[in-house]
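Worksheet: one structure, shown below.
Each reported figure results from applying straightforward, stated rules to the coordinates on display, with no laboratory input. No experiment lies behind these values; they were computed from the predicted model shown. Cβ placement follows ideal geometry from the backbone for every residue including glycine, while neighbour counts extend to all protein chains displayed.
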Amino acid sequence: KLIYILNGPNLNLLGKRQPEIYGSETLADVERDCIRVASDLGLQVRFLQSNAEHQLIDWIHEAREDAAGIIINPAAYTHTSVAILDSLNAFDNPIIEVHISNVHKREPFRHHSYVSSVASGVMAGFGTQGYQLALQRMAVLVAAANK
Ligand code: DQA
């Protein structure tokens, strides 16, 4: 089973950007950890990042063809993008939203997520470990969907 892990704007700078908030691991480190955890769970991952809203939407459309689930950190688009919400609403398999930081203890504009209404669950504030925890949950959701 293939899981898409999608990352939104500025996450290419992970490890360099505000490390006091987002930690020192790079996105390549996160990808490597996700591939390892996924293979232990019997899952494959397609790990992607873009700074462009349309690219994220195109990947969500592609996921309709071949993904058993989507794990998405939409980054700032979390708080702004009806378009990403609409594309996720066209995806029929489980979706998990991930935020590295605890968005609820940050600025009020980060407290609302357009994406949460379509997510099975939300990980926030667990650092980059949140991706691995999301994969563990995704394995359970995918297995339940195949029963
Ligand atoms: C983020 C939180 C967002 O508010 C922010 O815009 C990001 C990253 C996180 O992973 O904590 O870019 O999604």
Once phi for every residue in the stretch 16-22 is put through the Karplus expression 6.51 cos²θ - 1.76 cosθ + 1.60 (θ = phi - 60°), the whole-Hz ³J(HN,Hα) values, with Gly and Pro written as x, are 9, 8, 6, x, 5, 9, 9
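Given an 8 Å cut-off on Cα distances and at least 6 residues of separation, report the relative contact order of the stretch 1-71 as a percent. Before the final figure, lay out the partial values.
Numbers: 89 pairs, mean separation 36.9, N = 71.
Across the stretch 1-71, relative contact order equals 52 percent.
If you take the alpha carbon radius of gyration of the stretch 1-95 and divide it by 2.2 N^0.38 Å, what ratio comes out, to two decimals?
Ratio of Cα Rg to 2.2 N^0.38 Å: 1.08.
Label the stretch 40-136 by shape, choosing from rounded, prolate and oblate, from the square roots a ≥ b ≥ c of the eigenvalues of the Cα gyration tensor; if a/c is under 1.5 it is rounded, and otherwise prolate applies when a/b is larger than b/c, oblate when it is not. Could you put the intermediate results ahead of the total?
Working: a/c = 1.78, a/b = 1.17, b/c = 1.53.
Here the stretch 40-136 falls in the oblate category.
So which trypsin sites (Lys or Arg not before Pro) in the stretch 29-120 end up in coil per DSSP with only 16 or fewer other C-beta atoms within 10 Å?
Those that pass, being in a loop and sparsely packed, are R106.
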Taking 8 Å as the Cα distance limit and 6 or more residues as the minimum spacing, I'd like the relative contact order of the chain as a percentage. 27 percent
Dipole axis of the stretch 2-145 (+1 Lys, Arg; -1 Asp, Glu on Cβ), positive-most option in V140, A67, N102: N102
